[in-house]
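Please read the structure below before turning to the comments.
The values are calculated or read from the model by the stated rules, or taken from the named source; none is laboratory data. Predicted model, so just to flag it, every value in this text is computed and none were measured. FYI the Cβ positions are ideal-geometry reconstructions off the backbone, even for glycines, and counts take in every protein chain you see. To get the accessible areas, we keep the full protein, side chains included, count just its heavy atoms, and leave off ligands, DNA and RNA. Shrake-Rupley method; radii C 1.70, N 1.55, O 1.52, S 1.80 Å.
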Amino acid sequence: MTRHVGGARVALAGHAVRYEASGHGRPVVLVHGLGGSARWWRSTRAELGRDHRVIVPELPGFGYGRGGRRFALRDAAPVLGGLLEHLGHERADLVGHSFGALVCMAVAAAEPQRVRRLVLVGPPARTSSPRTVGKVLPAVRTLLRLPRAGALTLLSDFATKSPTAILRAAGEILALDGDAGLGGELPVPTMVMWGSRDAIVPMGGAGWLTRTLPRARVVVIPGAGHIPMLDRPAQVNAALRDFLAPD
């Protein structure tokens, strides 16, 4: 493992995976979406870090100019599971945003023994218009509604990400056509979180998810867009802390 500024890097399932880890307690993994980074979870990391071991990986291939093998959803379990093993954890809470929610969902479906609790934030599954993830206007509306600090974080992250990796991941989402590929309910306690003003992944998917995951807790963050941890961090953190409380 090679140490470098801002985190560490480890080889997992043929990928070079960068991650940051801090705090002590039950492990929780925060997984970013398209064009994201650990910075999207800054507030959440600080809040949960009071009594959790917070692990924030960067999905392989998204860093600018890193190249490497393409990351696909089929790599989710070996990459995240391998990272947990590398850090000495048998299981953890998984929290994923957008594409990261699909990554966490894939792990929970393939290796549920690794997942204590699962949180899906703005998952692009069975939305009322799934192909809006590929449109420009919803993304612009999301950006304009963010607080200034959040907007700057979003813009700077996108500016340093690999366009090829983003397009490939977006293509994988679109190929699903809104179907996350679940055959039935996930065998782990699950919470689904949406921003009430999400223009990229509208709340039309909530009905499908509640039917497919009937025991899932659904939380709507009032006034939030597609990245609620940037524009409504206090509400997001409160909901996470409540759901991730000890059994």
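Values computed for the structure shown
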{"read-out": "Computed label-point distance, nm, for sites Arg9 and Ala72 using a 7 Å Cα→Cβ extension", "value": "2.5 nm"}
{"read-out": "R0 of 30 Å, Cβ-Cβ distance Ser22-Asp242: FRET efficiency to nearest 0.05", "value": "0.90"}
{"read-out": "Pairs of alpha carbons in the range 8-62 whose separation is greater than 14 Å (percent)", "value": "51 percent"}
{"read-out": "Two-site FRET efficiency, Arg217 against Ser196, from Cβ-Cβ distance with R₀ of 25 Å, rounded to 0.05", "value": "0.95"}
{"read-out": "For Met203, solvent-accessible area (1.4 Å; no DNA, RNA or ligand), Å²", "value": "70 Å²"}
